[in-house]
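Peer 1: Structure provided below as structure tokens; questions to follow.
Each value in this text was obtained by applying a stated rule to the coordinates, not by laboratory testing. Just so you know, these numbers come straight off a predicted model, no measurement behind them. Counting neighbours? That spans all protein chains shown, and the Cβs are built from the backbone with ideal geometry, glycine included.
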Amino acid sequence: MDKFVIRGGNPLLGTIRVSGAKNSALPCMAAAILTDDEVILENIPQVRDIETQRKLLVSMGAEVELGYGRAQHRTTISCRLLSDPVAKYEIVKTMRASSLVLGPLIARTGLARVAMPGGCAIGGRPIDLHIKALEQMGAIIVQQHGYLEARAQRLKGAHLIFDKITVTGTEDLLMAAVLAEGDTLMENCAREPEVTDLATLLVAMGARIEGAGTSTIRVKGVETLHGARHRINPDRIEAGTFLVAGVITGGDLCVANCNPAHLSSVIDKLEECGARIDTLSEDSIRVRSEGNLRSADISTEEYPGFPTDMQAQYMALLTQAEGSSVVKENIFENRFMHVQELVRMGANIKLDGRTATVRGKTPLSAAAVMCSDLRASASLVLAALVADGESILDRVYHMDRGYERIEEKLRGVGAQIRRMGNVFNSRRETVEVEN
Ligand code: UD1
């Protein structure tokens, strides 16, 4: 298993580039199920979850070319033949977002068998809201042997009100509604930029959608969709992680190829902590800090609030801010796996249910730590960048699920970070190296 070896203490200086958003690319790849034609997606990140999504589509009979080049990361997907509309447990258990194929599979083939995702490190994460809404659209869904089997001749437009805001639930139902008979009104939808990105692709494929990016989405079902070419949004969570890296190390970093408009809540908090942030252009941000960070509370919320996917990274920063900060996690019930590891590095953090209180500033000392999930790993990388000495991060495969070659990117701006073990490579070659 790969490890990162990180020696802290260097301020990050220079320009770091953000990759395409994994959480946009995953639903956009699933959307290719909705048409016989080719769908071409550009700016696809080279991360493990994308490879898993490719495997999932291929296991159903799709042809998926995934090419990574210097200038362009692109995938071409053809779902002309979908011989086996099944999302197998072996794949679903490694990536919960696999349930995104449920809606498009029923819409396109009238049948879907999708393994039920189990619990995961950050909480229960059920898909009951997807199921309830698909049933309202006329799908007959039975659950047996760990699988959901859903059938429908043709889904029917419906008035859907989500009991709770769900990102992949909104995306799944949007993909179901575009090929349904009649109109669908979706209320209490997620407003995340990833939903808007998916809607942009669907509209390019011929779908009729209004209101994506707001909490009310209206869809007029069409008979068929055609192929399209679409460029995936930059990853706002990767960008946010780099902004924190610039601040925590007292650096001067230009975060390029991002969308500043998607980062408002994160930028506001970093400024409140004392960072200086300037939007340089429509796709780049400069972040500077000379230390002297101040505490600032956060409460995670749905977009445009502070993202739960940035909570762990922001908490690493708070360990270096003067004063007491309160972090409230409202989206997931158990998303504090990074806390114990940060404490092992010298942080002063007290947990009480969904609230963590961080008292800073405490010097961090390098340690051997364990990554438990994707964003917890990012938090530990950030802590290690300012820790005194050499930290070893185990299980960085969690990191590889969602961050493209983060060690190379960070090294490019001055971090001392190297990978030991089997380097993840999208072409599935594994090479024993230490870099
Ligand atoms: C997506 C993101 C993830 C992010 C999360 C919240 C992807 C691939 N993943 O996850 O990175 O952390 O949004 O911004 O885009 N819920 C139910 N029933 C359901 C669905 C959700 O109770 O049927 C609950 C969940 O347990 C959770 C909350 O709703 O407490 C929000 O979850 P949701 O928005 O669905 O998260 P994901 O879409 O899985």
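Peer 1: Which residues does the label zone of Gln416 cover in the stretch 335-360, counting backbone N under 20 Å from a point 7 Å along Cα→Cβ?
Peer 2: Hits in the stretch 335-360 for Gln416 at 20 Å: 345-346.
Peer 1: Would you mind checking Lys22/Lys55; Lys269/Lys350; Lys55/Lys164 for any pair whose Cα atoms are more than 19 angstrom apart?
Peer 2: Where the Cα-Cα span goes over 19 Å, the pairs concerned are Lys269/Lys350; Lys55/Lys164.
Peer 1: Quick one: helix 193-204 against the long Cα principal axis of the chain, what's the angle to the nearest 10°, folded into 0 to 90?
Peer 2: With rounding to tens, the tilt is 40 degrees.
Peer 1: Okay, moving on. Based solely on C-alpha atoms, express the radius of gyration and the Dmax of the stretch 83-173 in angstrom.
Peer 2: Gyration radius and largest Cα-Cα distance of the stretch 83-173: 12.4, 37 Å.
Peer 1: How much mean residue ellipticity at 222 nm does the chain get from its helices, if each DSSP H run of length 4 or more adds -39500 (n - 2.57) and you divide by all residues, to the nearest 500 deg cm²/dmol?
Peer 2: Computed ellipticity for the chain at 222 nm equals -8500 deg cm²/dmol.
Peer 1: From the phi of every residue in the stretch 209-219, what ³J(HN,Hα) in whole Hz does the Karplus formula 6.51 cos²θ - 1.76 cosθ + 1.60 yield, where θ is phi - 60° and glycine or proline is x?
Peer 2: 10, 10, x, 4, x, 10, 7, 10, 10, 10, 10
Peer 1: Also: Could you check what % of the DSSP bridge pairs in the chain are antiparallel, to the nearest 5?
Peer 2: 75
Peer 1: Which longest uninterrupted range of the chain lacks any GluC sites (Glu not before Pro) assigned by DSSP to a loop state (not H, G, I, E or B) and surrounded by at most 14 other Cβ atoms within 10 Å?
Peer 2: It runs 1-222.
Peer 1: OK, next. What is the helix-to-structure angle for 374-386, meaning the angle in degrees between its Cα long axis and the longest Cα principal axis of the chain, kept from 0 to 90 and rounded to the nearest 10?
Peer 2: With rounding to tens, the tilt is 20 degrees.
Peer 1: Could you state the angle between the C-alpha long axis of helix 167-177 and the longest principal axis of the C-alpha atoms of the chain, as a value from 0 to 90 degrees rounded to the nearest 10?
Peer 2: Helix 167-177 sits at roughly 20 degrees to that axis.
Peer 1: R0 = 35 Å: FRET efficiency of Thr355 with Glu290, Cβ-based, nearest 0.05?
Peer 2: 0.70
Peer 1: Most mobile of Ser295, Ser379, Ser265 per a Gaussian network model of the chain (Cα springs, under 10 Å)?
Peer 2: The residue that fluctuates most here is Ser265.
Peer 1: Still on this structure, I have one more. Can you give the FRET efficiency for Thr362 and Gln153, using 1/(1 + (r/R0)^6), R0 = 51 Å, r = Cβ-Cβ distance, to the nearest 0.05?
Peer 2: Rounded to the nearest 0.05, the efficiency is 0.25.
Peer 1: Is the C-alpha gyration tensor of the stretch 138-182 telling us rounded, prolate or oblate? Criteria: a/c under 1.5 is rounded; beyond that, a/b larger than b/c is prolate, otherwise oblate.
Peer 2: Oblate is the answer for the stretch 138-182, as a/c is 1.5 or above yet b/c matches or exceeds a/b.
Peer 1: Return the ratio Rg/(2.2 N^0.38 Å) for the chain, where Rg is computed over Cα atoms only.
Peer 2: Relative to the rule-of-thumb radius for its length, the chain sits at 0.97.
Peer 1: For the stretch 142-219, what does the relative contact order come out to in percent, with C-alpha contacts under 8 Å and a separation of six or more?
Peer 2: 30
Peer 1: 7 Å from Cα along Cα→Cβ at both Asp84 and Glu408: what's the point-to-point distance in nm?
Peer 2: According to this spin-label approximation, the distance is 3.3 nm.
Peer 1: Sticking with this structure for a sec: Roughly what would the spin-label model give for Met1 and Thr216, points 7 Å off Cα along C-beta, in nm?
Peer 2: 4.9
Peer 1: Go through the stretch 265-277 residue by residue and turn each phi into a ³J(HN,Hα) via Karplus (6.51, -1.76, 1.60, θ = phi - 60°); whole Hz please, and just put x for glycine and proline.
Peer 2: Couplings: 5, 6, 4, 4, 5, 5, 5, 4, 6, x, 6, 9, 10 Hz.
Peer 1: Sequence-distant or interchain residues sharing an amide H contact under 5 Å with Asn233, placed H: which?
Peer 2: Excluding prolines and chain starts, which carry no amide H, the hits are Ala21.
Peer 1: Mind listing the long-range amide H neighbours of Ile161? Cut-off is under 5 Å, sequence gap 5 or more, other chains count too, H placed in the peptide plane at 1.01 Å from N.
Peer 2: Glu187
Peer 1: Using the Cα gyration tensor of the stretch 188-316, with a ≥ b ≥ c the square roots of its eigenvalues, what is the shape: rounded (a/c below 1.5), prolate (a/b larger than b/c) or oblate (neither)?
Peer 2: Prolate, because a/c is 1.5 or more and a/b exceeds b/c.
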